[in-house]
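Engineer: Sharing a structure with you now.
None of the figures in this text is laboratory data; all of them are computed from the coordinates on show. Predicted, not measured: the structure shown is a model, and the values here were computed from it. Neighbour counts are summed over all protein chains in view; Cβ atoms, including those assigned to glycine, are modelled from backbone coordinates with ideal geometry.
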Amino acid sequence: AAGGARLAAAAANAGGEAQLEPLLHALSLFCAARPELVAPHIELLPTYLQYDSYAPVVHHVCDMLPLLLPLLDAPRRGLLEKLERLLGALVFRVPEALLGQTIAALCAVVAKSRNCQLLHELLSRFCQMMVRASEPAEASRLRDQLLRSVLSAGLLCRHFDFEAPGASAEALRADGTAVRYGGDFTRTVFEQLHAFVPIAASPGDASAAGSGAGGLRGDKFTIALYALKAIGHVTCRRHDLLLACRATLAAALGRTAAPQLRVQALSNLSELVRQPAGGAKVAAKVGKEGREGREASQLAADASAAASGALQGHQAAILSAMGDARHAAVRREALQLTRGMLEQGLIHPMACIPQLMALEVDTSRQCASLAKEALRALFERHAHMVSSPGVQLQAFAAAHTLQAELAALAAAGGAGTPCDSPGAAKSPGGAPDEAEARLPRLMFELLLPQRRERLGYLKAVVSSLYYEQLGTAENAGRGAQLCERAAWVAQALSALPYEKEEDLLHLVFQINRQLSLHAESTLSAFDAALGGGGGNLEPAAAAAELGAR
């Protein structure tokens, strides 16, 4: 308590912005940990919402207000009015990066003051701007205002329940009498936002989502991206609207969609994971205002089921995005979403373990690090699943495919360069270490204390080197790819961190076993490819014949 008082006093007596910014930052961290100790000093905060004088510290104040206001039983009316006036002006002035914090703070103030009319007027103003900017004659002139209105409308619907009892607005008739009106304002805003994202004609249709020919371009693409982000804010509170935008999300998650749309769609789904109790909070609020407890619980259960169904319905697209070699940002967002779904129990570990293992060889350091953290956590809880031989074979195949695609894109012009590493320059003499680091080895390290599972892992990996059916019709044309994968697996085996002689002896034994079982049939296939006799062709002609076949 004394520390909070000292910080508040120091912020009030700060001589300039250079001193004020770190003080308010420290106060916001203190408030996040113990808000009840900062609440007595809330009267000092409105001073720092004057944007002209205190622009660098506004976001710290906006972060603190939603934590402090619910703790006040009867805040002073003058304080609430001052906060409403300052925050209402900031909604139109702060950069877009601070818009979410500002609107969240304003909605927290209105929740205490009960001045719902202010938020209704703001929402009406943003919706009118969206209507005006939809006209072709005004589209280019009002572009910036439209983008801000789209984002602000979505944030208002996320942080305030316009359909709650007592949240209706008031309007004046022509004769001057006041009338209160209500309705499903959030659904109306959602439908208006959804009209700006025309990227799906039917569920799963991603043909119109690309940034190439036939897709959205220029200002229309930017507006669609903002509208998709605003839809994500709306559905954080109203999970029942997820079904209405299912086709849009499916198109945005499609492999042919623009990477910005894929990242935003994945971010929308991540918000559902980060706020699983959003529907429960709304239901609890309704229950306090007169609904029976059983009905409130049912509302919470319905909201949770809608969010879970949306996440599981797009599971295949999410896992596919984890292997998108073209864009590191898409892989990273899909990986974070998958980790959240694992924590919430919304995806079976067996469905995503191979993809997580494959990301160990990602050239993006952040993706590789996040994937390793997720694998370690899974190994602690589901060691038998992670160490399953079948999973290891799938993981090696996925890792080789991802690394080959990343290398091909980098050779074609750097399209696969990770976004978290500046450039693609390699340090002199660092190629061997870098190549070794990109081979899968984490699983073997995790199994070092477990003898039986470790030896089973080596046996499973060696078994992937068996390609007796290379010459069959179903594998025609894939021989070079399979041999290249076998060479890569052999290189990965040679780079594992062996600590015991038994592991090396077991590896040699398994390799000899594979040769003794399958070498004769493989050599017979080569002999047949060379013409049936093996000696009928000169060595150079035999090599050319084999390569052609």
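Engineer: Neighbouring Cβ atoms within 10 Å as the yardstick, rank 160, 196 fewest first.
Structural biologist: With the fewest neighbours first, 160, 196 line up as 196, 160.
Engineer: Treat each spin label as a single point 7 Å out from the Cα along the C-beta direction, and report the residue 523 to residue 143 distance in nm.
Structural biologist: 7.0 nm
Engineer: I would also like to ask the following. Taking other Cβ within 10 Å of each residue's Cβ, how do 270, 134 sort, fewest first?
Structural biologist: Fewest-to-most ranking of 270, 134: 134, 270.
Engineer: Taking the convex hull of the alpha carbon atoms in region 53-168, what volume per residue do you get, in Å³?
Structural biologist: 107 Å³
Engineer: What distance in nm separates the simple spin-label points at residue 380 and residue 93, each placed 7 Å from Cα in the Cβ direction?
Structural biologist: In this crude spin-label approximation the distance works out to 4.7 nm.
Engineer: What is the gain in length, in nm to one decimal, between residue 170 and residue 32 on full extension, counting 0.36 nm per residue of separation less the C-alpha to C-alpha distance?
Structural biologist: Value of the extension gain: 46.1 nm.
Engineer: If the limit is 27 Å between Cα atoms, which of 220/372; 372/459; 82/229 go over it?
Structural biologist: 220/372; 82/229, as the Cα separations exceed 27 Å there.
Engineer: Two decimals is fine: what's Rg over Rh for region 298-370, C-alpha atoms, Kirkwood radius as Rh?
Structural biologist: Reported Rg/Rh, Kirkwood definition of Rh: 1.04.
Engineer: I'd like the FRET efficiency for residue 73 and residue 117, computed as 1/(1 + (r/R0)^6) with the beta carbon distance as r and R0 of 25 Å, rounded to 0.05.
Structural biologist: Efficiency, from the Cβ-Cβ distance: 0.60.
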